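Report on one structure; see the data block that follows.
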Amino acid sequence: MTGSSLQLGPDGQLRHLLTIEGLPRSVLRTLLDKAEGYADMRRGDDKKNLALHGRTVVNLFFEASTRTRTTFELAAKRLSADVLNLQVSASSTSKGETLLDTLKTLEAMQVDLFVVRHEASGAAQFFAEHAAPDVAILNAGDGRHAHPTQALLDMFTIRRRHPSFSKLKVAIVGDILHSRVARSDIHALRILGAAEIRVVAPRPLIPAGIETLGVKVFNELDAGIAGVDVVILLRLQKERMVGAFLPSTGEFHRDFGLTRARLAKLSKDVMIMHPGPINRGVEIEGDIAYGDTRSVILEQVEHGIAVRMAVMETILANRP
Amino acid sequence: MTGSSLQLGPDGQLRHLLTIEGLPRSVLRTLLDKAEGYADMRRGDDKKNLALHGRTVVNLFFEASTRTRTTFELAAKRLSADVLNLQVSASSTSKGETLLDTLKTLEAMQVDLFVVRHEASGAAQFFAEHAAPDVAILNAGDGRHAHPTQALLDMFTIRRRHPSFSKLKVAIVGDILHSRVARSDIHALRILGAAEIRVVAPRPLIPAGIETLGVKVFNELDAGIAGVDVVILLRLQKERMVGAFLPSTGEFHRDFGLTRARLAKLSKDVMIMHPGPINRGVEIEGDIAYGDTRSVILEQVEHGIAVRMAVMETILANRP
Amino acid sequence: MTGSSLQLGPDGQLRHLLTIEGLPRSVLRTLLDKAEGYADMRRGDDKKNLALHGRTVVNLFFEASTRTRTTFELAAKRLSADVLNLQVSASSTSKGETLLDTLKTLEAMQVDLFVVRHEASGAAQFFAEHAAPDVAILNAGDGRHAHPTQALLDMFTIRRRHPSFSKLKVAIVGDILHSRVARSDIHALRILGAAEIRVVAPRPLIPAGIETLGVKVFNELDAGIAGVDVVILLRLQKERMVGAFLPSTGEFHRDFGLTRARLAKLSKDVMIMHPGPINRGVEIEGDIAYGDTRSVILEQVEHGIAVRMAVMETILANRP
């Protein structure tokens with residue numbers, strides 16, 4: 001059973017969120033609609049909601065990410081769940097057997113929802129396959145495979161400016177090869193009917209056969225982003241910055257970084273996106289990220305909480 | 001004053017939980033009865049209870065144990081307490097003086113309950129001796145001395161299958177010498193009137209004089225577990241696996257590990273227990289733990305939350 | 001704009017708490033009065049208050065301090081806020097740019113209040129300068145600059161014994177040079193009108209020009225504390241115990257440590273204070289801290305929670 005079929009129940013309702021691939025457009029839209037209800041909470045408001053009162057959410061992170069964990073923790077707390085953060089070293093659970101022990105032990109504590117992040121592709125699916133029927137699994141990033149809540153928050157952010165995707169042109173720029181964000185965004189954009197999806201990267205960072213996902217490949221930045229409505233920059237992982245794939249970060253920035261000069265050639269309504277955290281002076285020139293109205297990077301962060309609240313509430317409500 | 005007298009108030013009510021030794025049978029039974037009220041909470045339920053609303057519980061762990069801390073954290077949160085997790089390196093508080101400073105400082109923050117885990121036997125008692133009269137101390141494991149909530153959850157799990165202990169035969173298998181779980185289980189089984197308690201281990205892992213606790217000693221596994229109703233396997237601590245006490249973990253498994261072949265010789269109703277986490281292929285053959293109906297290891301985990309909630313509520317309610 | 005003007009709104013209300021310097025006496029008194037309302041919560045009480053229900057407080061600690069973080073965490077939880085603890089290594093955010101990224105990212109999650117601790121003087125002010133208008137910043141210690149909540153809890157503790165400061169003589173003893181506590185206490189004592197403020201330290205630990213703050217300098221302990229009502233001992237940071245500033249901790253204790261013999265020469269009503277954690281046998285003889293009625297060190301800890309609750313509630317209530 002694949003992740004995409006595993007996550008849907010017999011009536012097509014969302015039981016887990018493992019991947020964007022294969023999600024019906026209606027499910028995706030329903031999640032985005034539900035997130036609208038959480039997107040306008042502001043400082044000063046009582047941001048607490050009783051939807052998950054008395055439920056137990058465990059953030060089970062085998063791969064460290066304070067920032068991502070923080071967004072899930074806040075989302076769960078604002079829904080009134082009890083939240084546990086467990087940071088597990090992947091090395092101590094390298095075998096499937098002990099991953100299973102961890103799952104079964106926490107399940108026995110009547111945990112309702114696991115937010116799982118793991119460096120191995122397929123880890124969240126493994127959890128969903130082996131979990132008790134009334135446990136929900138939320139993939140917070142598995143290897144190079146998928147990062148579905150990131151794609152949802154990206155779509156949410158785009159949709160607020162462009163309610164229809166049918167004429168939308170989107171360029172995804174950077175390390176496509178290693179990026180679970182790129183994969184999840186491509187699936188989401190196709191499902192929502194985007195007119196054109198481009199991937200823009202130096203050849204070594206383009207995965208073989210990517211065209212089969214319905215994208216156009218560009219190996220040159222200016223051509224790749226010309227005329228688009230949205231530019232999604234990907235984070236260049238430090239460990240991949242220098243080595244087999246790239247000569248240097250300086251060279252990457254020169255050829256594929258979004259500079260003021262390049263930004264000037266784009267539409268004044270273009271949306272500049274990045275999943276964060278940014279590497280200043282690598283993917284993007286320092287002061288564009290938080291100092292230019294075309295950058296919606298902080299809107300993405302804000303919407304991340306709303307989208308995660310919507311997903312948590314949905315998959316827990318859909319339990320048998 | 002010993003821990004066993006220190007933990008009981010003038011009217012015999014439980015003020016702290018430091019050790020099972022010396023607890024009246026009625027106190028032990030009342031705790032198990034109270035835990036019944038928390039044992040049937042399920043996923044999907046609102047598991048929140050207001051018993052400790054506005055009280056402050058500190059998990060003060062001088063010895064790292066994510067798993068045990070998690071069970072106390074969940075228990076306290078489900079009782080609506082405010083919970084603080086403090087992981088303190090034992091080296092930084094090696095002297096009684098600074099242990100006292102830590103206690104007094106946290107007490108001044110109006111902490112109601114301390115859950116204390118320490119590698120030194122007697123640490124929880126030290127806290128109870130020096131704490132303010134209205135502070136409650138819960139021992140979450142002190143050196144080789146005691147682990148009372150583990151014994152309570154073991155008794156709870158056994159009692160659900162065997163309401164009367166009077167005909168019960170129980171074998172405790174493994175590193176008896178270093179095990180606070182073994183000590184606490186032996187005391188609990190005696191107090192509840194178990195018919196026969198056996199300890200089963202290679203000679204170097206049997207403490208001198210253990211017979212005075214009312215147990216039978218076996219140095220051979222098959223004889224030791226023949227005819228028993230319950231087998232409690234102990235965790236073999238990694239640092240003791242090889243060295244003065246044991247030739248090798250392989251040899252331990254061959255001679256004292258619970259294999260499928262050995263399990264086949266036992267009653268089909270035998271209960272296989274382990275405090276976790278298990279070392280697969282050492283104390284137990286890989287797939288028995290979570291793949292055989294005779295293993296109740298996950299029930300133990302589940303009951304651990306209920307038992308800890310019952311203890312927390314009891315000792316806080318019994319404050320002067 | 002300086003921290004002292006930045007923290008007051010157009011009508012003189014407290015918007016952030018960055019420093020004691022420049023605070024109007026009325027503001028300071030109002031905070032202390034409000035803290036009175038929280039100071040009598042006891043074990044056994046339901047210590048929960050709904051003032052910050054549904055608000056989000058982030059403890060953003062670039063400098064590790066479990067103890068200080070604990071007091072802010074408890075204060076926020078007792079006010080029913082959702083609390084996130086983020087421990088950030090200062091090295092990873094050494095540039096102002098990335099400090100700003102951290103602020104802006106967390107702001108986008110609709111965080112209401114940041115409790116900031118940083119080894120660099122001015123860090124909290126930097127946050128206040130760049131924060132959104134409805135975000136509140138609470139300085140939990142910035143370099144050698146300020147530690148305003150420590151000064152407030154010290155004043156609170158003194159005021160409970162001495163309702164009027166007008167005849168009060170206070171000596172601050174120890175490493176004045178590196179101490180943000182000393183600076184904040186001096187400002188607070190002046191604002192509240194203390195009769196005499198002394199600083200007592202070996203010459204290398206007295207900052208040049210300290211007299212301009214209105215204090216008298218003493219380089220000898222017995223003379224420095226003779227006739228005072230309050231002795232505030234400062235913590236000697238370990239990394240500064242030996243080296244350029246001091247010959248040895250033994251010598252420091254001999255010359256500047258509060259011993260039983262020295263204590264005997266002081267008034268029987270003298271208050272002995274220390275921000276904690278104490279170094280036994282360095283600043284103070286072992287058993288005075290928690291074993292002498294003149295020591296109010298534990299009262300300071302207790303009042304620390306009340307004062308922090310008062311500050312959090314005040315600066316969040318004063319948002320535009």
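Any read-out appearing in this document is the output of simple, stated calculations on the displayed coordinates, not a laboratory observation. Note that the coordinates shown come from a computational prediction; the quantities given were computed from them, not determined experimentally. For neighbour counting, all protein chains shown are included, and Cβ atoms are generated from backbone atoms with ideal geometry for every residue, glycine included.
Amide H to amide H distances under 5 Å link residue B:172 with B:198, B:199, B:200, B:232, where only residues 5 or more positions off or on other chains count and H is placed in the peptide plane.
When its C-alpha radius of gyration is set against 2.2 N^0.38 Å (N residues), chain B gives a value of 0.98. In this assembly of identical copies, the label point of residue B:219 (Cα plus 7 Å along Cα-to-Cβ) is separated from its counterparts by 7.5, 7.5 nm, sorted shortest first.
The mean count of C-beta atoms from other chains within 10 Å of the C-beta of residues in A:102-114, rounded to a whole number, is 6. Considering the options C:194, C:214, C:123, tell which one lies farthest towards the positive end of the dipole of chain C, charges being +1 on Lys and Arg and -1 on Asp and Glu at the Cβ, about the Cα centre. So the residue furthest toward the plus end is C:194. The listed peptides C:35-47, B:154-166, ordered by packing as a protection proxy, come out as B:154-166, C:35-47 (highest mean of other Cβ atoms within 10 Å first). The charge dipole of region C:1-157, taken about its Cα centre with unit charges on the Cβ atoms of Lys, Arg (+1), Asp and Glu (-1) only, comes to about 400 debye. Using a Gaussian network model on chain B with a 10 Å cutoff between Cα atoms, which of B:234, B:205, B:60 fluctuates the most? In this elastic network of chain B, the residue with the biggest mean-square fluctuation among B:234, B:205, B:60 is B:205.
With springs only between Cα atoms under 10 Å, which of B:63, B:21, B:251 fluctuates most in a Gaussian network model of chain B? Answer for the Gaussian network model of chain B: B:251.
Under 12 Å from the Cβ of residue B:29, count the other residues' Cβ atoms, weight Lys and Arg +1, Asp and Glu -1, and hand me the total. It works out to a net charge of +1. Taking the label point 7 Å along Cα→Cβ, residue B:121 and its counterparts in the other copies are spaced 5.4, 5.4 nm apart, in ascending order. Here chain C is assigned +1 on the Cβ of each Lys and Arg and -1 on the Cβ of each Asp and Glu. Its dipole about the Cα centre then comes out at about 540 debye. For region B:161-320, averaging the sequence separation of C-alpha pairs within contact (under 8 Å, six or more residues apart) and dividing by the residue count gives a relative contact order of 21 percent. Normalising the average separation of contacting C-alpha pairs (under 8 angstrom, six or more residues apart) by the number of residues puts the relative contact order of chain C at 20 percent. Along its first, second and third principal axes, ordered by size, region B:1-158 spans 44, 32, 27 Å in Cα coordinates.
Looking at the protein assembly as shown, the DSSP beta bridges with both ends there are about 5 percent antiparallel. Calculate I(q)/I(0) for the protein assembly as shown by the Debye formula, one identical point scatterer on each C-alpha and no solvent, and give its log10 at q = 0.04, 0.09, 0.10 Å⁻¹ to two decimals. Log10 of I(q)/I(0), two decimals: -0.22, -1.07, -1.24. In terms of its C-alpha gyration tensor, region B:116-185 comes out oblate, because a/c is 1.5 or above while a/b does not outweigh b/c. Distances between copies at residue A:204, taken between label points 7 Å from Cα along the C-beta direction, are 5.3, 5.3 nm in increasing order.
Simple point charges give the picture: +1 on the Cβ of Lys and Arg, -1 on the Cβ of Asp and Glu, and for region C:148-301 a dipole about the Cα centre of about 260 debye.
With springs connecting C-alpha atoms under 10 Å apart, model chain B as a Gaussian network and identify which of B:300, B:150, B:237 has the largest mean-square fluctuation. Looking only at B:300, B:150, B:237, the biggest GNM fluctuation is shown by B:237.
At what distance in angstrom do the alpha carbon centres of region A:239-293 and region B:299-320 lie from each other? Cα centroid of region A:239-293 versus Cα centroid of region B:299-320: 55 Å apart. Let me make sure I get this right: for region C:255-304, a, b and c are the square roots of the gyration tensor eigenvalues over alpha carbons, sorted descending. Under 1.5 in a/c it's rounded, otherwise prolate if a/b > b/c, else oblate. Which is it? Since a/c reaches 1.5 but b/c is at least a/b, the shape of region C:255-304 is classed as oblate. Peptide C:291-301 has a mean shielding of 2, counted as Cβ atoms of other protein chains within 10 Å of each residue's Cβ. Chain B's nearest residue to the axis relating it to A, judged by Cβ and reported with the distance in whole Å, is B:85, 6.
With no solvent and one equal point scatterer placed on each C-alpha of region A:131-234, evaluate the Debye formula and give log10 I(q)/I(0) for q = 0.12, 0.20, 0.22 Å⁻¹, two decimals. The computed values of log10 I(q)/I(0) come out as -0.40, -0.99, -1.17. Distance from the Cα centroid of region B:1-54 to that of region C:165-204 is 49 Å (rounded to whole angstrom).
For region C:148-301, the fraction of alpha-carbon pairs lying more than 19 Å apart is 48 percent, rounded to a whole number.
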